[in-house]
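The values are calculated or read from the model by the stated rules, or taken from the named source; none is laboratory data. Keep in mind it's a predicted model, so treat the numbers as computed, not measured. Reconstructed Cβ throughout: ideal geometry from the backbone, glycine too, with neighbour counts over all protein chains shown.
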Amino acid sequence: MVNRHRLSEEFARLAAINSPPLHEHAIARYLVGRLENLGAEVLFDNAAEATGGEIGNLVARFAGQLKSAEPLLFSVHMDTVEPGGQVQPVLRDGVFYSAGDTVLGADDKAGVAELIEALEVLREQQIPHGPLEVVITIAEEIGLVGAKHLDYSLLKSKRGFALDTEGSGWMVLQAPGANHLQIDIEGVASHAGMTPELGLSAIHTAALAIGRMRLGRIDHETTANIGRIEGGVARNIVPQHVTVVGEARSHDADKLQEQTTHMLACFEAAAKEMSRVIEDQRVTPRVDADIRSDFPSMSVPEDAMTVQLARSAAQSLGQELKVRLGGGGSDANIFNGHGIEMIILATGMQKVHTHDEYVAVADMAGVAELLVEIIRQAGSANPDNLPAD
Ligand SMILES: [Zn+2]
C-alpha cells in the first residue's frame, strides 16, 4: 500500500529545503506544488502580516468523494528548529540522519512526508473519503506563532490529528497549558557605602520573593520555574531595578491559575515587607507584573471520536498505539483552544532538536499507513455516504 521508496524521497526532498521559523517561503512554494498535484485547493492565510514572516499558514482542501462525510483536519508545521543551516539528509540502513552540523528537521518534516504519502495512497488506490483539510503552520518552533495567528474561519473541521510528537506508536491526548511571567521590580537607587538607608534594593525584594516561592515540580501535573534574573548596575549601588522571568505549567487550568497567582503574591508580599520610611516618606518597591497565557492546556477524553478512530485504525493494522502525556505546548494546544478536537500522533522522529536527530523509514511508513486507515475508516463510518461518481 505505502510506497517506502516514494516516502523516503519525499522526506529527503523536504529535509534539504531550509525552513527556519518565519523564513518558510521556499518550503511553502514546494508544498503548494506538491499538494496541488495531489488534487488540493491550496491557499495561505494572512499570518505573514501579523508575524513578519515570509509567508502565511498553508491550508489545503481535498473535496473527497463522500461529500457529506464529516471533514477531518490534519496538521503539521513547515518550519524547523534553529540552528538550521543547510541540512544534508543521509539514509543509512533505513534510517535518516543529518550529515552536517544541523538538526535533521524530521520535526516536523517526517509528519509532512507521512501525510503526503498517505494522500498519494488515497489517490492511487482510489479510496473513497470525506473532505480533508490540511494545515501546515509556520513558526511553530518559536512559540506556536503560526497556529496562534491562523485564520480559523478557513476551516470546517471540528476534529483532527496533529503529526508532531517524538517516538513511534504513541498518541498524546493531554498536554499542559503555560503562563509566562515577567516581573519588574522598581526600588530606589543609592550609594551602597555612603547612604544605603536612602536606597531600597530591588534585588533584595526579588530574592525574598523567590526564596519563598513554590518552584520546580509542584504536583504530578504542575511545574513552575524562575528562569532569568536581570538587574542592578554596579557593586556599590543599591539596585533600583530588577527583571525576573519565569513560567508556570499545568495540565489543569485551575492549578495553572493558582500557581501563577501564588508566584505573583510572593512578589507583592516581599515588596510590602521591604517597605520602609526614607526621609519621612513611606516607600514601597513597585511590582509590575506582565502575565500572559502562552498556550492553553489540552485534554481530549479517551472516548472522543479522534481517539477511537486512531485506536480502531491501529488495531486493524496490528499496530501498537499507546497514550502518553504531553510535556509541552504544540500547535494542537492552540487548535483545541479554538474548539477543534485534536490529538497528536507520534511521527517516528527521535532525539529532536539535537544534531543526533533521526527517523526510520519503516516508522514513517507505519504512520502513513495509519493515516490512510484513519481516513478510510472515517469515510466508511458514514454508511449513508456513497461515492458519488
Ligand atoms: Zn514539532
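Structure values in brief
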quantity: Contacts under 6 angstrom Cβ, first residue in the stretch 103-123 being closer than 17 Å to residue 373 by Cβ, partner of a type in the set (Ser, Thr, Tyr) and within 16 Å of the ligand (Cβ to nearest atom), 6 or more apart; calculated: 111/347
quantity: Pairs, first closer than 13 Å to residue 332 by Cβ and in contact (Cβ under 8 Å) with a residue 12 or more places away in the chain in the stretch 158-174, second within 15 Å of the ligand (Cβ to nearest atom) and in a loop (DSSP other than H, G, I, E, B), C-beta under 6 Å, six or more apart; calculated: 163/347; 164/330; 172/326
quantity: Residue selected from the stretch 71-85 under the condition more than 16 Å from the ligand (Cβ to nearest atom) and at pLDDT 95 or above, by the criterion surrounded by the most Cβ atoms within 10 Å (Cβ to Cβ); calculated: 72
quantity: Cross-chain or 6+ apart pairs with Cβ under 6 Å, the stretch 326-341 first and touching a residue at least 24 places away in the same chain (Cβ under 8 Å) and within 17 Å of residue 136 (Cα to Cα), then of a type in the set (Asp, Glu) and within 13 Å of the ligand (Cβ to nearest atom); calculated: 330/164; 331/140
quantity: Search result, residues across the stretch 260-284 that are in contact with a strand residue (DSSP E or B) (Cβ under 9 Å, 6 or more places away or on another chain), closer than 22 Å to residue 196 by Cβ and in a helix (DSSP H, G or I); calculated: 270, 271, 274
quantity: Number of positions in the stretch 58-96 that are among the β-branched types (Val, Ile, Thr) and without any contact (Cβ under 8 Å) to a residue 60 or more places away in the chain; calculated: 1
quantity: Residue that is farthest from residue 255 (Cα to Cα), among those in the stretch 207-239 that are of a type outside the set (A, V, I, L, M, F, W, C) and free of Cβ contacts under 8 Å to residues at least 24 places away in the same chain; calculated: 230
quantity: Flag for residue 147 being within 16 Å of the ligand (Cβ to nearest atom) and either more than 15 Å from residue 329 (Cα to Cα) or in a helix (DSSP H, G or I) (or both); calculated: yes
quantity: Unique match (being touching an Asp or Glu at 6+ places or on another chain (Cβ under 8 Å) and outside any helix (DSSP H, G or I)) among 70, 10, 54; calculated: 54
quantity: In the stretch 121-144, the residues that are out of contact with any Leu (no Cβ under 7 Å at 6 or more places or on another chain) and in a helix (DSSP H, G or I); calculated: 121, 122, 124, 140, 141, 142
quantity: Residue under evaluation residue 213, criteria (1) assigned to a loop (DSSP other than H, G, I, E, B); (2) farther than 17 Å from residue 271 by Cβ; (3) within 34 Å of the chain's Cα centre (by Cα); (4) not aromatic (Phe, Trp, Tyr), criterion not met; calculated: (2)
quantity: Residue 275 modelled with pLDDT under 95, surrounded by fewer than 17 Cβ atoms within 10 Å (Cβ to Cβ) and not basic (Lys, Arg); calculated: no
quantity: Selection within the stretch 47-60 - among the charged types (D, E, K, R) and in contact with a helix residue (DSSP H, G or I) (Cβ under 9 Å, 6 or more places away or on another chain); calculated: 54
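Residues are listed down the side, and each one gets a yes or a no for (1) modelled with pLDDT of 95 or more; (2) over 16 Å from the mean Cα position of the chain (by Cα); (3) crowded, with 19+ Cβ neighbours inside 10 Å; (4) away from the ligand (no atom under 16 Å from the Cβ):
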residue: 165; (1), (2), (3), (4): yes, no, yes, no
residue: 181; (1), (2), (3), (4): yes, yes, yes, yes
residue: 188; (1), (2), (3), (4): yes, yes, no, yes
residue: 201; (1), (2), (3), (4): yes, yes, yes, yes
residue: 206; (1), (2), (3), (4): yes, yes, yes, yes
